[in-house]
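Colleague: Before I ask anything, here is the structure I am working with.
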């Protein structure tokens with residue numbers, strides 16, 4: 001485990017997230033959930049200009065849930081985006097921002113009036129719905145590369161819930177427990193709260209592009225992504241965090257004026273000087 005700065009026994013390695021290869025298109029008509037990302041062969045833009053597509057789904061914002069319930073679904077983006085609650089598809093605020101920027105979603109209010117991208121940005125910047133502006137930048141960067149990204153610790157599907165409320169009841173499972181609220185990011189288990197070391201905790205579960213990805217059985221994430229804020233973590237803090245997640249790799253993200261950097265930390269043994 002390396003500290004944030006290079007010392008006698010440590011080294012920091014800065015890297016970009018590896019690009020995702022083109023995903024295979026889904027050819028089944030039986031509803032089998034497979035990964036299709038139409039943005040894989042489009043280089044991520046540095047700007048946030050809204051793009052326009054011929055096929056756009058429609059979703060209605062539910063303030064009480066802090067999420068949007070899809071009322072008209074088009075295309076196959078739902079296969080790897082959003083959570084399913086009692087047969088209803090819901091998008092959280094970072095998913096909404098990503099899809100609306102690309103013209104793949106129209107967001108409506110309770111009067112069926114369109115909420116523009118500025119209004120969506122205000123929801124993200126306000127931080128009331130479990131996603132900061134920096135987290136949104138990290139999310140859409142990974143999605144643009146083709147990764148499958150969900151909020152940490154929240155099931156993709158729940159059969160029992162009949163509303164867009166994505167609160168998960170607390171459980172006794174430790175480590176990668178499933179007791180987070182996907183919308184507001186709150187923790188409902190004391191063990192998981194103890195994993196937050198000086199503000200460091202996973203924000204997202206990240207999966208490699210996978211044409212056979214299923215929300216009902218997503219498997220183990222390729223890595224968990226933590227956002228770095230303010231001062232860099234110490235070596236001790238990093239070790240405490242990484243020992244809590246059952247061997248799932250952790251990567252770290254820092255956003256500076258819209259520039260997204262991804263980091264990983266390795267233990268390095270340097271020879272002693274005479």
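Colleague: Given just the C-alpha atoms of segment 54-130, how large is their convex hull per residue in cubic angstrom?
Modeller: Spread over its residues, the Cα hull of segment 54-130 gives 91 Å³ apiece.
Colleague: More than 20 angstrom separation, counting every C-alpha pair in segment 197-274; what % is that?
Modeller: Above the 20 Å cut-off, segment 197-274 has 44 percent of its Cα pairs.
Colleague: Got a sec? How would 250, 77 order by Cβ neighbour count within 10 Å, fewest to most?
Modeller: Final ranking by Cβ density, sparse to dense: 250, 77.
Colleague: In addition: What ranking do 251, 159, 143 get, fewest neighbouring Cβ atoms within 10 angstrom at the top?
Modeller: Working: 251 19, 159 11, 143 24.
Fewest-to-most ranking of 251, 159, 143: 159, 251, 143.
Colleague: Tell me, 80, 157 in order of fewest to most beta-carbon neighbours within 10 Å? Walk me through the numbers before you get to the answer.
Modeller: Values: 80 26, 157 16.
With the sparsest Cβ surroundings first, the list reads 157, 80.
Colleague: Which whole-number percentage describes the relative contact order of segment 54-130, with Cα contacts under 8 Å and a sequence gap of 6 or more?
Modeller: Averaging sequence separation for qualifying contacts and normalising by length gives 31 percent for segment 54-130.
Laboratory data are not the source of any read-out in this text; all were calculated from the coordinates shown. This is a predicted model, so every value here is computed, not measured. Positions of Cβ are generated from backbone atoms using ideal geometry, with glycine treated the same way; all protein chains shown enter the neighbour counts.
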